[in-house]
Each structure stands twice: as C-alpha cells, then as structure tokens.
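Undergrad: Before I ask anything, here is the structure I am working with.
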Amino acid sequence: MSSEQSAPGTSPRAPRPGTQKSSGAVTKKGERAAKEKPATVLPPVGEEEPKSPEEYQCTGVLEIDFAELCTRWGYTDFPKVVNRPRPHPPFVPSASLSEKATLDDPRLSGSCSLNSLESKYVFFRPTIQVELEQEDSKSVKEIYIRGWKVEERILGIFSKCLPPLTQLQAINFWKVGLTDKTLTTFIELLPLCSSTLRKVSLEGNPLPEQSYHKLMALDSTIAHLSLRNNNIDDRGAQLLGQALSTLHSCNRTLVSLNLGFNHIGDEGAGYIADGLRLNRSLLWLSLAHNRIQDKGALKLAEVLRAFELTHTEVVERRRLLLEKGTQERSRSPSSSRHGDSKTDREKSQMVGISNSALVDKTDKTQTTKTPKGLGKKKEKSWEMAKKEEKSGSGQSPTQGTPKKEDATKAGKGKVTIPEQKPSRIKGIKIGSREKRSILPESELVVEATEVINPLLEPVEHRDGKVFMPGNKVLLHLNLLRNRITEVGLEGFLATVQYQMQFSKAKSVSKGPVGLLWLSLAKNCFAPQCPAYAIIQELMLPRDPIKAKLREDEAMAFFP
C-alpha cells in the first residue's frame, strides 16, 4: 500500500504536458535564432587585419620599410637591417683592467661566456648591412647582403623599399644563391633605384646560363661591376666581350670590370680582347686568378697597340665615312646661303644702295618672287661659289651635285626658319633672325659630337692594310696569377714600348695615353726575367700612386 500511495503522490510533482510543449517551443526558437544570427567573434586585443603590401607608402628609412613590408608579405622571421661593422682599432689592455678582471666575481665568467656564445649565433643570423652617410637613417649609401638566399619575394620587397633611397650608390650580393630568373628580376629592379646607383657586385653566385652580360646592356647605367668567383668560363667570357662592344654596338657607361677568380682561358681572353677593340669607356679591368696562357695574353697585348682592321671593320668604317660626308653636305647649304647674302650686300654697297633700302629689298624678296636682276646676281654668286668649291681640295665630284640643287633652291627663295624646328630648345625665346639661323647649326654640332665611333679614329695605311692606333683608354690591367710565360711577356713588352712612344709624341695634346698600371706577377716565369724587368722599369714612372709616394718621400727629405 505504501508503494501504491507513493506512486499517485509523485504524479502531481511531474511537470504538466502543457509546460513541456511550451519549453520545447522555446528551445526551438533559440536554436533558430542562433542559426539566423551567428555570434560575432571579436579579434584578439593587439591584432589587426592583414594589410596588403601594395598599399604601404615607404618612408625612406630602410629598416622601417623592410620590416613593415616583410610582415605584410607574411614573413614571421626576416633579416634585420643593421649598420655595417667597421674594423676596430687594436685593443691594448691596461693594468687597471687586468686588476679588475682578477677581483671580479667568478660567476661573471659564466655570464660572459654565455653572452659571447649568443653573440656568435647572432653573427650567423641573416642581416642586411648598410653604410650610412653622416649617420642619417634616410641616407643609405651602400647595401651588403652576404650568406643567405635572396628569393623572388625578397626582390619584390626591395622593388618597393629601395627606390625611395635617394643616395644609394652600391649593392653588394655575396653568395646569395642567385639564379638566372632572380638575376633577371634584379636587373629589372635597377632602373627603379636612384640615379646615383653606379656600383653592383655579384660575387660567389654561379649561374648555369652565365647571363651576367645582361648587367652590361646598352641601357645600363652601371659604372662599376664586380663578378668575382662566379665560375665564368670561356662561354661566359664570350657573352661579356660582346656586351663590351661589337661592330654595331658598344657599352658606354661601364668604367671598371672585375673578373677575378674565374675559369677564363685563352679563348675567353680572346673574346674579352675583341670587346676591347672598339670599347672606349672601360678604364679598369681585372682578369687575376684565371687560366689565361700565352695565346690569350698575346691577344690582349695586341689590342693595346696598333692592330690591323678586319675586312668587315674596313667595310663598316667606309660606310660610316659616307654617312659622315652626307651629314656634312646636308649642313653646307646653310653656309652657302649666308655666303650668297654676304656677296649681295657687298655688291649693293659698291653700287651705293643704303643699308635700309637693302633690308627692305631683302624682306620683299623673301615674301615675293625674285626679280630678274636679282636672279642674275644669284646666278653669278652661285658660279663664284662653284669655282671656290672646285678650287678646294679633298672633295669628290659627287659632293658638288647636291650643292647645285640647294643653290637653285636658295635662288628661288630662302628657306623659312620654322622648317628647322628651333622649338626643341625649351626656355629660350628667339627674337632676331640671326639667332634663328645660328641655333639650329649649334644643335647639329652638339648632336654630331655626342657619339664618336672608334672606327672613325685616325688610321694608318701600311702595305695595303688599315691599322688603328689601338685601345689607349684602358689604364689598369691586372693579370696576376695566371699561366703566362716569357712568350706572353714579349707581347706586353712590345705594347708598353709602343704606348711609351705614342705618349711622348702626344705629350703636348690632351687625350688617352694608355696603361698606367700593369700587373703580371705570380705567373709562369721567373721574377728575374729580363722582359719582366724592362716592363717594370718602363711602367714605374707611369704609375701615379708610386709617383705620388716618390714625391712625398722627396718632400720629407727636402722640406
């Protein structure tokens, strides 16, 4: 009974069915609301949405810009920008410091060793070393990257943060794992940098295709290029020689080229010598620590003295001379017109016509057709000019034909000034007619003297052959530690003797004088070799550094 009573007693405690339905409906509404309105998740404190690197505006401070762009590209660990360490002066410990070291706590030795260990590990961390101008963070002068791989994304970051550096002068990459693809990206980056960037050093970066010659393209502005320790062989030297100069193109900006510590042999030295035939900008060349023997040395020595032109070079020289002659004849009608006007004025003064009447008459003849009397005078003056041309020496009969047509055109009427387009000079207002006639001629002279092809240099004809005086622009040649014997020395001895005679004959006039510094030491000949001793003796007074030292020593003895 007790159990039966307890059962109905518990029934009122059970929840009512109406309440169960209502609670079930409430839960369903909550679930539906939770599905319709998802809960907003707030970002953690201190974190922001990722920003695109394209939106970032560089400040000109490399340390800040590089770190910000690396974080936006997704780098968590990236190289730091640090000042390039300078060699410290030798440290001399004093007695007081040694006493302090003995009195210090022995626990300090453990902390010092820990700090030194950490500093050693920090030394091997990738960094970007910079040299600053006057300790200003915005005036980065040189950049050094050594011992860590520069990827495509890093070069993309450099394309953003390097152009604002207005005083950047040099970029040095040493063992950065460059490939032919990343080298192309790097070359595309260079025009974006400041115009002060003139020095590029890529050392310890061997490339399979050896495409270093792309750095010496015609539109390149690099003046100093170092390609040491890149395993450049004869094939790479051929590409570099063609980049120096060919028959139709020439590099005009490169001043120094360092090809030391490579694998260039006789064939490669011959290609470099071919590039020096028509190159007149390179002043400094180093081929030290290569595999050049006598054949390559003789090729290099031959280019530095008078050498014979090949058949293709003779043909190209004749073509250039013809083009130069046509350009000079195209300028000659302007001078003949001035000469005709002067003769007309002299004749009019002899007759007694006043200057004012002469000016009025010439103004009328420019707008209207010339009368018969003036036409006869023009014909007489043309005949006189023709006689002068015939009396002149060095002109071919074909040079007179275009002048006759120009003279007849000048008789009909003077050519107007707007056809000569003097508006190319901006910021200059031309008032008088004399200025209008002078300025276009000066423009032509400037354009003609801007670029001079070496094939147009004075030549010498001997036994039916054409000889050029050789490359006198190269001042520094380093052939240290190659495989040259006494046979190659004889070639350089002949070159030095020829350049000495050339410089003596040209002592009064200004111009290139040839080698001032030649290094042939540590090759396959004895230091007491007679040819080597004569070369050293002849080159001693030409070396400007040694000459300066001798002057300083003389001033020290005789103040």
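Undergrad: Which pairs break 31 Å Cα to Cα here: K138/K472; K472/K522; K181/K324; K214/K548; K199/K472; K141/K522?
TA: Going by Cα-Cα distance, K138/K472; K181/K324; K214/K548; K141/K522 fall outside the 31 Å limit.
Undergrad: What ranking do 481-493, 314-326 get when scored by the average of other Cβ atoms within 10 Å per residue, highest first?
TA: Values: 481-493: 19.5, 314-326: 13.2.
Highest mean packing first, the order is 481-493, 314-326.
Undergrad: Could you run the Karplus curve 6.51 cos²θ - 1.76 cosθ + 1.60 with θ = phi - 60° over region 454-471 and give me ³J(HN,Hα) per residue in whole Hz, x for Gly and Pro?
TA: x, 5, 8, 5, x, 10, 10, 9, 9, 6, x, 10, 10, 10, 8, x, x, 7
Undergrad: Now for a different question. Pop out the ³J(HN,Hα) list for region 131-143 in order, Karplus 6.51 cos²θ - 1.76 cosθ + 1.60 with θ = phi - 60°, rounded to Hz; leave Gly and Pro as x.
TA: Values, residue by residue: 10, 9, 9, 6, 6, 9, 5, 8, 10, 6, 9, 9, 10 Hz.
Undergrad: Same structure again: Starting from the Cα-Cα distance between L456 and Y56, subtract it from 0.36 nm times their residue separation and give me the gain in nm to one decimal.
TA: 138.7 nm
Undergrad: Output wanted: per-residue J couplings in Hz (rounded whole) for region 247-256, from phi through Karplus 6.51 cos²θ - 1.76 cosθ + 1.60, θ = phi - 60°, x for Gly and Pro.
TA: 5, 10, 8, 7, 6, 10, 10, 6, 9, 9
Just so you know, all these numbers are worked out from the coordinates, no wet-lab data involved. Quick caveat, the model's predicted, so the values are computed rather than measured. Quick reminder, even Gly has a Cβ in these numbers, built from the backbone with ideal geometry, and neighbours come from all protein chains shown.
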